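As structure tokens, the structure follows; a few thoughts come after it.
The values are calculated or read from the model by the stated rules, or taken from the named source; none is laboratory data. Here the structure is a predicted model, which means the values were calculated and not measured. Cβ atoms come from the backbone with ideal geometry, glycine included; neighbour counts cover every protein chain shown. Quick note on the areas: whole protein, heavy atoms, side chains included, nothing else; ligands and nucleic acids left out. Shrake-Rupley method; radii C 1.70, N 1.55, O 1.52, S 1.80 Å.
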Amino acid sequence: MKNNYLKHLILCLCLLAGTTTAFAYDAYIDGIYYYLWGNEAMVTYKNSNYNSYSGAVTIPSSITYGGTTYSVTSIGNYAFYNCSSLTSITIPESVTSIGYESFSYSSSLTYITIPESVTYIGARAFYACSSMTSITIPESVTYVGDDAFSGTAWYESQPDGVIYIGKIAYKYKGAMQEGVQISIALREGTSAISGGAFEDCKNLISIAIPNSVTSIGSSAFRNCTCLTSVTIGSYAFYNCSSLTSVTIGSGVTSIGSKAFQGCSSLTSVTIGNSVTSIGDDAFADCSGLTSVSIPNSVTSIGDNAFRGCSRLTSITIPNSVTSIGRNAFYKCSGLTSVTIGNSVTSIGGSAFSDCKLRNVLVKCVTPPNFSISSTFSSQTYQHAMLYVPAGTWDDYAFSDYYWYNFNNIRETAMAEEEVSPQQAYTLMDAKTFAYSVYDPVNDCIGTINSAGSINEDNPNHSWQMIEAGGMHFLYNLGAKKYVKRDTDGLSLSDEPEPIDVADGDNGIILAGQTSKQWALVSNESLSVSQAAIDDVTGIRTLSDSPLKGEDIYNLAGQRLNAPQKGLNIIGGRKVHINGK
């Protein structure tokens, strides 16, 4: 037939959507109407009055029409709708799906046997078949739509509790006395929870979902206003390779071990704000996962929880988390940035090993405990920037744990809610191309006219540009002070002062200077060598060299016309002038 492919596509969509179609029937054979496409046939109705059938109807497994044999594979939406005189129906093993409202309001139908070939039963399929007292449903059924059997004598006769259809938790039909609290543990082997299964169960307070469940229908727990605990069992969605996204709604309090392990097509996870724990291996080997949102209700992240999630690029551990398990983010090879909340007290071995971390922001005033050096990889220790709260540099640099392995430890200058890790810089005089560094030993800013060899891994004497509240601030990481712009140079201050910045040929320019500009050169590719720093911090007396022709600066980095009494920076060296 013409346009059979298009017709097949539309019919499939209509089955899922529960709608009628504009196509008339194609064949009428032995009292049954059919749609035809390819080599398949769908049982349908005569016209919009629907009540086309009566008495006992036997659906054949195949039909022949126009010289072509068709396999009868489905019963369409509304096929036997409102057939009040239909008394029995025989469904062949060839049928795999029963559509939306396909038998609803067929009030004389007393029993039905659904063959083991059927996997899909649409919403309201047998709704209000008031005389139906016997239903045989095989375990082959993997989907049951909302209210598929509601209003049948069979449903009404079911005892209080969860009604199971094969391996599907279809409905909860229990007493709803006011003030009675109900806790339910679904039986092992349950593979699915039907849509609306527990809808309006206002006295349901907890439910345990076994690890065999692989799907939960829409509105399954809608209006369960007293539900405080949902436990998703271990292995719940283990190796569901076609699962692409997961949203775990409020009410779920824990995610069991291996719940989503091996879901390789999973790209995003949103976890509801009632979840308090993420179990061992919960999302392990979800190699397609690019984003995960962990709410501020989670207190623990289990061992291997996100191991092998190689496409994750950043992760934020909220302030509620107190422990991060072993190998929690092991082999997350794309992970470049991690933020660790302020309540974490322990981090398991290899938790962030084999990651390509560039930035590690830790909000904990007390360094979290990790007693195994491999918690972070050696590459992270050597090249990543560890940001710690203001005033805690010593605590991390001389920690009892392995935080001291980090070569680059810097304090965040602003309040944690205002700042994220920013790039560190070296200051350069944009006119003279002299480098400006801070000498923490002698508490001064010095200038180096020639930086000598460049060592990219040297962490000393760096500056941090901070963007917060629409303004820019410059923070000296050695002095733990803010940089203040003066008329001719820079000085240090305990109070933040905004700095004007503009783009320049040599990097970012600190604008607004009357006689000088200072360029910010990224320390990603440039830092001052240790040899140059030693040159700045060396101390000599007045007699070491003549003063004429040399640049002279005070300890605040301001250029002087002549040396002053006390300490001066002359020719890049510290000189004490005693006034003689």
Query - Selection from the range 194-215 of residues that are assigned to a strand (DSSP E or B) and either in contact with an Asp or Glu (Cβ under 8 Å, 6 or more places away or on another chain) or buried (at least 21 other Cβ atoms within 10 Å of the Cβ) (or both) - result: Leu204, Ile207, Ile209
Report summary line: Lys331 vs (1) surrounded by fewer than 24 Cβ atoms within 10 Å (Cβ to Cβ); (2) under 19 Å from Thr247 (Cα atoms); (3) charged (D, E, K, R): all pass except (2)
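Looking only at the range 343-358, filter to residues that are outside any loop (DSSP other than H, G, I, E, B) and touching a helix residue (DSSP H, G or I) at 6+ places or on another chain (Cβ under 8 Å); which one of those is farthest from Ser310 (Cα to Cα)?
From the range 343-358, those outside any loop (DSSP other than H, G, I, E, B) are 346-347, 352; that's our starting set.
Imposing the further condition that a residue be touching a helix residue (DSSP H, G or I) at 6+ places or on another chain (Cβ under 8 Å) reduces the set to 347, 352.
Working: Ile347: 20, Phe352: 12 Å.
Checking each candidate, the answer is Ile347.
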Requested in this report: Output the number of residues of the range 31-87 satisfying the condition of being open to solvent by less than 30 Å² (accessible area, probe 1.4 Å), small (Gly, Ala, Ser), in contact with a Leu (Cβ under 8 Å, 6 or more places away or on another chain) and assigned to a loop (DSSP other than H, G, I, E, B).
Outcome: 1
**Report entry** Condition met for Val292 (of a type in the set (A, V, I, L, M), part of a strand (DSSP E or B) and more than 17 Å from Asn407 (Cα to Cα))
**Finding:** yes
Query raised in the report: So which residues in the range 481-509 are closer than 24 Å to Glu411 by Cβ, part of a strand (DSSP E or B), modelled with pLDDT of 75 or more and β-branched (Val, Ile, Thr)?
Result: Val483, Val501
Report task. Would you check which residues across the range 70-99 are touching a Gly at 6+ places or on another chain (Cβ under 8 Å) and aliphatic (A, V, I, L, M) and list them? Result -> Ile75, Ala79, Leu86, Ile98
**Report entry** Output for the range 323-377, where each listed residue is within 17 Å of Tyr404 (Cβ to Cβ) and in contact with a Phe, Trp or Tyr (Cβ under 6 Å, 6 or more places away or on another chain)
**Finding:** Ile347, Phe352, Pro367, Asn369, Phe370, Ser373, Phe376
Report task. Please tell me if Thr316 is closer than 26 Å to Asp354 by Cβ, assigned to a strand (DSSP E or B) and among the hydroxyl-bearing types (Ser, Thr, Tyr). Result -> yes
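Run down Ile75, Ile32, Ile91 and say which single residue is more than 24 Å from Tyr143 (Cβ to Cβ) and not hydroxyl-bearing (Ser, Thr, Tyr).
Ile32
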Requested in this report: Please indicate, with yes or no, whether at least one residue in the range 382-394 is buried (at least 23 other Cβ atoms within 10 Å of the Cβ), among the β-branched types (Val, Ile, Thr) and within 23 Å of the chain's Cα centre (by Cα).
Outcome: no
Query raised in the report: Within the range 108-120, restricting attention to residues that are assigned to a loop (DSSP other than H, G, I, E, B) and open to solvent by 40 Å² or more (accessible area, probe 1.4 Å), which residue is nearest to Tyr53 (Cα to Cα)?
Result: Ser108
Query raised in the report: Filter the range 139-193 for residues that are hydrophobic (A, V, I, L, M, F, W, C) and in a loop (DSSP other than H, G, I, E, B); which is most open to solvent (accessible area, probe 1.4 Å)?
Result: Met176
Requested in this report: Output yes when any residue across the range 244-264 is in contact with a Ser or Thr (Cβ under 8 Å, 6 or more places away or on another chain), modelled with pLDDT of 85 or more, open to solvent by 10 Å² or more (accessible area, probe 1.4 Å) and outside any loop (DSSP other than H, G, I, E, B), and no when none is.
Outcome: no
Report summary line: Filtering the range 220-243 down to residues that are among the polar types (S, T, N, Q) and at pLDDT below 75 yields Thr228, Ser229, Thr231, Ser234, Asn239, Ser241, Ser242
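Which of the residues belonging to the range 273-285 are under 14 Å from the mean Cα position of the chain (by Cα) and open to solvent by 10 Å² or more (accessible area, probe 1.4 Å)?
Filtering the range 273-285 for residues under 14 Å from the mean Cα position of the chain (by Cα) gives 273, 275, 278, 282-284.
Matches in the range 273-285: Asn273 only.
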Query raised in the report: Just a yes or no: is a residue in the range 378-392 in contact (Cβ under 8 Å) with a residue 40 or more places away in the chain, among the hydrophobic types (A, V, I, L, M, F, W, C), touching a Ser or Thr at 6+ places or on another chain (Cβ under 9 Å) and closer than 23 Å to Glu411 by Cα?
Result: yes
**Report entry** Subset of the range 295-307 (residues that are in a loop (DSSP other than H, G, I, E, B) and open to solvent by 20 Å² or more (accessible area, probe 1.4 Å))
**Finding:** Asn296, Ser297, Thr299, Asp303, Asn304, Arg307
**Report entry** Test set (1) open to solvent by 60 Å² or more (accessible area, probe 1.4 Å); (2) touching a residue at least 24 places away in the same chain (Cβ under 8 Å) - Tyr25 fails condition number
**Finding:** (2)
Requested in this report: Could you tell me which residue of the range 395-417 is modelled with the lowest pLDDT, considering only residues that are open to solvent by 20 Å² or more (accessible area, probe 1.4 Å) and either closer than 20 Å to Ile508 by Cβ or assigned to a strand (DSSP E or B) (or both)?
Outcome: Met414
